[in-house]
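For reference, the structure discussed in these notes is given below.
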């Protein structure tokens, strides 16, 4: 019985890490070129934007909420930055600040709908998602934005993506005399560290976890539940806008369809994070590792020439396995402990 309980505890705490290590080993053997620094850099670069969005989702999950609008906020940030740079001919600083404010405002509206109007979080953020999807297409009548494009009025846009803006999406820092570390990866790690510190080491983070665990008890203890719920959605909106800015800077254009998979990949990373080290709760470290897992999986499948239409199926299967580690095994372990 003790051996069985020990195996179960090990599976809960380290099973996902073993799964990630096994996945890396599998692709290193069977996918030519997977094992190497350049491949690793590509994986980190591909998960940076997804990971930043997933960290925002994590903050809403902490307060027992959920944000379905992050993908549309990111694409709105992408389109807004491109519109301001190319069509309005603003500088990079103005474009970045405007997009961050837009993300914070959307998060604020989401939070107010949920806590003041009592709209369920899934419905409020779903409505916001559709609203933003439509709104971001209005200024250009559904067209992508690029330097020299012809506007609906017939005029040609004279603005450009300045080098200072493209730097945040394309520059790489030197490591061992090679340009290996992209700026988006550094920003992802910084955002992950900030959110980890906020959630795990500050009073505000502990109060947010308390709200997610038992909202009524937290309220009776004097916690301003509404404030922290709104704060979670504001953080989610800001992180989504950061992701959109990085995507815009990497592409150098406002591609209307470039953020199609951001929502699903980000949600997968955040939910997979529940299984990391047996946390069984939303957490920044788990989310970052979950984003890495999604990146390794998709990059490995691509290098093995797996059909693109199988990737969502495999991703869904892995997510189900991760949730089994999180909830089914944890529940059995607790019953066994009692």
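Set the Förster radius R0 to 30 Å, insert the Cβ-Cβ distance between residue 116 and residue 321 as r into 1/(1 + (r/R0)^6), and round the FRET efficiency to 0.05.
Values: r = 39 Å, r/R0 = 1.29.
E(calc), rounded to 0.05, equals 0.20.
Give me the extension gain from residue 89 to residue 261: residue separation times 0.36 nm, minus the current Cα-Cα distance, reported in nm with one decimal.
Numbers: separation 172, 0.36 × 172 = 61.92 nm, distance 2.92 nm.
Result: 59.0 nm gained on full extension.
How would 61, 135 line up from fewest to most surrounding beta-carbon atoms within 10 angstrom? Let's see the in-between values first.
Working: 61 24, 135 13.
By the 10 Å Cβ count, ascending, the order reads 135, 61.
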Worksheet item: What share of all Cα pairs of the range 189-259, in percent, falls into each consecutive 5 Å distance bin?
Response: 3, 14, 19, 18, 14, 10, 9, 7, 4, 2, 0
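How big is D, in µm² s⁻¹, for the chain by Stokes-Einstein at 10 °C and 1.306 mPa s if Rh is the Kirkwood radius over C-alpha pairs? Could the numbers behind the result be given before it?
On the way: Rh = 21.0 Å.
Reported coefficient: 76 µm²/s.
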Worksheet item: Roughly speaking, what is the stretch gain from residue 167 to residue 190, that is 0.36 nm per residue apart minus the C-alpha to C-alpha distance, in nm to one decimal?
Response: 6.6 nm
Item to complete: Along Cα→Cβ, 7 Å out, is where each label goes; now give me the distance between the ones at residue 23 and residue 11 in nm to one decimal.
Response: 1.9 nm
Worksheet item: For the pair residue 308 and residue 226, how long in nm is the line joining their label points, each one 7 Å along Cα→Cβ?
Response: 4.7 nm
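Based on a Kirkwood Rh over C-alpha pairs, give the Stokes-Einstein translational diffusion coefficient of the range 1-138 at 10 °C and viscosity 1.306 mPa s in µm²/s.
Values: Rh = 18.5 Å.
Taking Rh from Cα pairs, D becomes 86 µm²/s.
The numbers here are math on the coordinates, done by the rules we state, and not lab data. Nothing here was measured: the structure is a model prediction, and the numbers come from that model. Note: ideal-geometry Cβ built from the backbone for every residue, glycine included; neighbour counts use all protein chains shown.
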